[in-house]
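Let me begin by presenting the structure, written as structure tokens, before commenting on it.
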Amino acid sequence: MQEWHERVFRRWAPDYRHRWEIYNEHLVLLLSPEKAWLDIGCGDNGIVETLGSFASVAIGLDVLRHPDLVQAPFIQADARRLPFKDETFDIVTMRMTVEHIEHVPDDLWDIIRVLRPNGTIAIMTTNRWSPFILVPLILPFRTKQWIIQKLFGVNSHDIFPTYHRFNTPTQMRQGLGPLHFSGLHFLEQVPMSNALLTLVFGSWYLVTNNKLLYQFRSTMLAFFTKNNSHTGNK
């Protein structure tokens, strides 16, 4: 049924691409055999298993060990206290992770510490300007958890409280301390699991397919470069 929904939707939007396709494409362009990569909030670590061969070192990190963790380099640790030396990685990625960070910028300083000068941080996260993100902000966590499980079929161990402290286009463009903003893309994920979700999110994708409304899509993919003169934690 999911394949049928996708075929029908692509008649309306033949140029549509899933956000994970766009994310992976940008990531492959960043990676190279000379670069070390850390993926924070890696979940089952599937992306390191898939794309790790493009880097000299590729490690997935998460605060919890996912029940379906794959066989790829993984470290269980808190991103606020990373077990790495200063300036260890050329690339740090955070996919659907930043929205769960409660204290910004304090909780991000250790991530910045392990990034090398001129290194890149790629962040894919929710956009608080989107109605699909803004409206649920008023709901209790348990209610949101139930809705996400029922509508999207997401397992409870993959749902965490959200804070959205660094989740607007304006905040992204301002950068953060030594992290200089270098690019921003707006994406919309159209679920194909049932007809209603495909219709609702697909319609929003089509409505926002112009310069005026593009920034109200539900997902942002932002890139930052670390100032080469920055050392230390702050």
Computed log₁₀ I(q)/I(0) - Debye formula, equal Cα scatterers, no solvent, the chain, q 0.12, 0.15, 0.17 Å⁻¹: -0.70, -1.11, -1.40
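Just to confirm, what accessible area per residue do you get for the chain at 1.4 Å probe, in whole Å²? Display every interim value, and only then the final one.
Values: 12120 Å² over 234 residues.
Here the per-residue accessible area is 52 Å².
Highest mean first, what order results for 67-73, 91-97 on Cβ atoms within 10 Å? Let's see the in-between values first.
On the way: 67-73: 13.7, 91-97: 22.1.
Descending mean neighbour count gives 91-97, 67-73.
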Mean separation of Cα contacts under 8 Å (6+ apart) over length of the chain, as relative contact order %: 22 percent
Dimensions (Å) - the range 65-120, Cα atoms, principal axes, largest first: 33, 24, 18
Stokes-Einstein D in µm²/s, Kirkwood radius over Cα pairs - the range 1-45 at 25 °C with 0.890 mPa s viscosity: 184 µm²/s
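Taking 0.36 nm per intervening residue step and subtracting the Cα-Cα distance, what contour gain separates residue 2 from residue 174 on full extension? If you can, show how the numbers build up before the last one.
Values: separation 172, 0.36 × 172 = 61.92 nm, distance 3.90 nm.
Length gained between residue 2 and residue 174: 58.0 nm.
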Potential lengthening between residue 193 and residue 21 on full extension [0.36 nm per residue; Cα-Cα distance subtracted]: 60.2 nm
Rg in Å to one decimal, and Dmax rounded to a whole Å, for the range 158-210 via C-alpha atoms: 15.2, 45
Label point at residue 214 placed 7 Å out along Cα→Cβ; residues across the range 174-207 whose backbone nitrogen lies under 11 Å: 184-187
Inter-label distance, nm, simple model (7 Å from Cα along the C-beta direction), residue 32/residue 77: 2.6 nm
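Per residue and in cubic angstrom, what volume does the convex hull of the Cα atoms of the range 1-140 have?
Working: hull volume 23.4 nm³, N = 140.
Cα convex hull per residue, to the nearest whole number: 167 Å³.
Would you check the chain for Lys pairs whose C-alpha atoms are within less than 23 Å, ignoring same-chain pairs closer than 8 in sequence, and give me the count? Spell out each step's value before the answer.
Details: 35/85; 35/226; 85/226; 85/234; 226/234.
Lysine pair count for the chain: 5.
The values are calculated or read from the model by the stated rules, or taken from the named source; none is laboratory data. The structure presented is a predicted model; accordingly, all values stated were derived computationally and were not measured. Neighbour counts run over all protein chains shown; Cβ positions are idealised from the backbone, glycine included. Heavy atoms of the whole protein, side chains included, go into the accessibility calculation; ligands, DNA and RNA do not. Shrake-Rupley method; radii C 1.70, N 1.55, O 1.52, S 1.80 Å.
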